[in-house]
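The values are calculated or read from the model by the stated rules, or taken from the named source; none is laboratory data. Just so it is clear, the structure is predicted and the values come from calculations on it, not from any experiment. When we count neighbours, we look across all protein chains shown, and the Cβ atoms used for this are built from the backbone with ideal geometry, even at glycine. These accessible areas exclude ligands, DNA and RNA; they are computed on the full protein's heavy atoms, side chains included. Shrake-Rupley method; radii C 1.70, N 1.55, O 1.52, S 1.80 Å.
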Amino acid sequence: MEVLSWSGDWNLPSIDISCLEVLAYAKFAGCPLRVNQCNNPRKSPIGEFPVLQSGEDVLTTSSKIMDYLREKNFNADYQLTAKQGADTLAFVSLVHSKLYPAISFTFWMDDKNYTKFTRPWYAHRLPFPLNYFVPGRISRQTRYQISEGMYSEETDDVLENKLFKDALECLKLLSTMLDGKEFFFGDSPTTLDAVVFAHLAVIWKAPLPNNKLFNYLQGYDNLCMFCGRILQRYFPQAQQEEQQQPSQSSSAQDDTVDSTEKRNKWLALGFAGLAMTLYALFSGLVQVEITRVGDDDLNESTPDMSAFTFRGQEKDGENTTE
Amino acid sequence: MAAGGPVTEAVIAAMSTEQGVWPENAELYEPCKDTILLTDAASCRSTEAYLRFCGLAHEVKSRRNAEFMSPTGKVPFLTADRELIGDFQGIASFIEAKGFSTSANFEMKDRAEMKAYLSLIENSLIPAELYMLWWKKDWAVRTRQQYGCQYPVPLNLILSYRKQWQVCQYLKAAGWHRKTEREVIDEFRRTCQALSEKLGNNRFFINDRPTEVDALVFGHLHSVLTRYLPDDSLSSVVRTHKNLEDFVMRILTDFFQ
């Protein structure tokens, strides 16, 4: 089974909430998943990640993937009672409807975060022509989702206040539910833990220029510890990598910046050269005439015929060039 | 609005309404009974139920254009003194601000459960009903006809298509347009299953006291069970849960007679 996802950063295996939900759930259920951080939305049938490919089946959206894993007997919820199962469904829906919009707003609609952080981050990782359109498309899509498809004359400020009020309340409720326990339903993590972790970890780790949600989250010690606990226990490799290369990270970043700059320079030069050549050819400044070399010459030629004819053509070209 | 955060806003909102006095002339406006749609009927029923749970006097009035009178564009809406509040959520928070809420002295844990189940209903029952009404081809024809028949000739077409467009936009934003009909019914079944598990053998959902959750569940299930629908795909799901059916009957006899 292979999962296509957005790549990770800042100690997280992926920075996208839905991808993180799936990855965390798979870890909790002990399901061996191969993660392909392909960052190319064209590879997904709906243009979004995560996507699970398992044999013939291709599944999109995190809830469907988690259902599929459960069907395949990778169930993290087997020890829950029916009532706890119902609670799981209810709290997952609470997190998706109250916390998720505020996080998407912070990433994709807050001007400062979007231009200084989110857009560059995604543009860096997307393959070449897509990096120009995809971030803008996701931003527009987010706006559409948050406004529930309706045009409203609410300004961003009013909307922001409303979303953050909901998010703050949701954090408060989650903190009460978690209380002093290790996980929401006792000692082992379940679907609800995967969903809550995915949302909180992104708030906790993302180095956003304007991160109001992080300030809210810091007020709840048990939620922060919950995130830390899951990261430490279930995603240790991501952390180790980070610890191993704290010094390299800055130089590596410089390298990538350098390489993209170089690439852009060469691309620009190549494009300019190509445009000039084409212009020269089409406007008649330079003319290339290809004359067929006569049969007599061919008969006299050496076995290396192609090389010979090519040289002959070149000579002809030079003659006619002015 | 000043730079205040959600906390200051909540304080301002709490201070601006007078506590403890319920206005005598509270009126609840609903669309007419004969043309009302499933989702609207559900939210009107829920609101009535919640007002009855809280023991608040109100008068129910039917207006053909209730939807266009409402400040939020959703029915029902409540007028009290000079206040005008739309939507079940809005009315519930108005009642809470007035201090009549049945869940006022709940502990945080019960409150968390209540909010969670409210959002479950909002994010799966309501979209599922809307999907069946407006997105499913053979139901949508009937829905448009039912919605449009209260208006004169050119308006019935224009308004019903506009309403369908709006609902479809809402479903697309919520990502429900990618679901097939079977997935929608499955989602509806799963939600009913969860509600049934949560209710168990109790009288009410949370803390043995009627709350917003009970009102919403009652409104929706009652409408699904009693309204005429083109097929029984939704109502048959509800009927498989005996305790939910009993719950609806109990609320009807306890509060509506």
Calculate, in nm to one decimal, what B:Thr240 and B:Glu107 gain on full extension: separation in residues at 0.36 nm each, minus their alpha carbon distance.
44.6 nm
Tell me, in nm to one decimal, what length is gained between A:Phe133 and A:Ser44 on full extension, where the rule is 0.36 nm per residue of separation less the Cα-Cα distance?
30.4 nm
Rounded accessible area per residue of the range A:183-224, 1.4 Å, Å²
30 Å²
If a/c stays under 1.5 just call it rounded; otherwise compare a/b with b/c (prolate if a/b is bigger, oblate if not). Do that for the range B:191-257, with a ≥ b ≥ c from the square roots of the Cα gyration tensor eigenvalues.
oblate
Based on the Cβ-Cβ distance from A:Glu289 to A:Leu269, what FRET efficiency comes out when R0 is 35 Å, to the nearest 0.05?
0.75
Residues in the range B:213-250 near a label at B:Gln145, defined as backbone nitrogen under 17 Å from the 7 Å Cα→Cβ point?
B:228-232
FRET efficiency for B:Phe256 and A:Lys72 from the Cβ-Cβ distance with R0 = 45 Å, rounded to 0.05, comes out at 0.45
The percentage of the accessible area of the protein assembly as shown (probe 1.4 Å, all protein chains present) made up of carbon and sulfur atoms, to the nearest whole number, is 52 percent
Can you pull the mean other chain C-beta count within 10 Å for peptide B:104-116?
5
Using label points projected 7 Å from each Cα along Cα→Cβ, tell me how many nm separate B:Trp22 and B:Arg64, to one decimal.
3.3 nm
Based on the mean of other beta carbon atoms within 10 Å per residue, what is the order of B:108-118, A:279-289, most packed first?
B:108-118, A:279-289
Kirkwood-based Rg/Rh on the Cα set of chain B evaluates to 0.96
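Please compute the Kirkwood hydrodynamic radius of the range A:33-147 from all pairs of different C-alpha atoms, in Å with one decimal.
16.5 Å
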What distance in nm separates the simple spin-label points at B:Met249 and A:Ser147, each placed 7 Å from Cα in the Cβ direction?
4.8 nm
Rounded to two decimal places and with Rh computed the Kirkwood way over Cα pairs, what is Rg over Rh for the range A:99-177?
1.05
Cα extents of the range B:100-172 along the three principal axes, largest first (Å)
53, 26, 17
Total charge of the residues flanking A:Val134 in space, meaning their Cβ is under 14 Å from its Cβ, with Lys and Arg +1 and Asp and Glu -1, is +4
Among A:32-43, A:167-178, what's the highest-first ranking by average C-beta atoms within 10 angstrom per residue?
A:167-178, A:32-43
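Please report, largest first and rounded to whole Å, the three semi-axes of the ellipsoid equivalent to the protein assembly as shown, where each semi-axis is the square root of five times an eigenvalue of the C-alpha gyration tensor.
56, 30, 25
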Determine the shielding of peptide B:166-172 by partner chains: average, over its residues, the number of Cβ atoms on other chains within 10 angstrom of each Cβ.
3
So if we plug the beta-carbon distance of B:Arg182 and B:Asp208 into 1/(1 + (r/R0)^6) with R0 = 41 Å, what FRET efficiency do we get, rounded to 0.05?
0.65
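Counting heavy atoms of the protein chains only and a 1.4 Å probe, report the per residue accessible area for the range A:5-102 as a whole number of Å².
That works out to 41 Å² for each residue.
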Peptide ranges A:262-269, B:161-168, B:147-154, B:90-97 listed from the most packed, as the mean C-beta count within 10 angstrom indicates:
B:90-97, B:161-168, B:147-154, A:262-269
Inter-chain Cβ neighbour average for residues A:81-89, partner chain, 10 Å:
6
From Cα pairs below 8 angstrom and at least 6 apart in sequence, can you work out the relative contact order of the range A:83-182, rounded to a whole percent?
37 percent
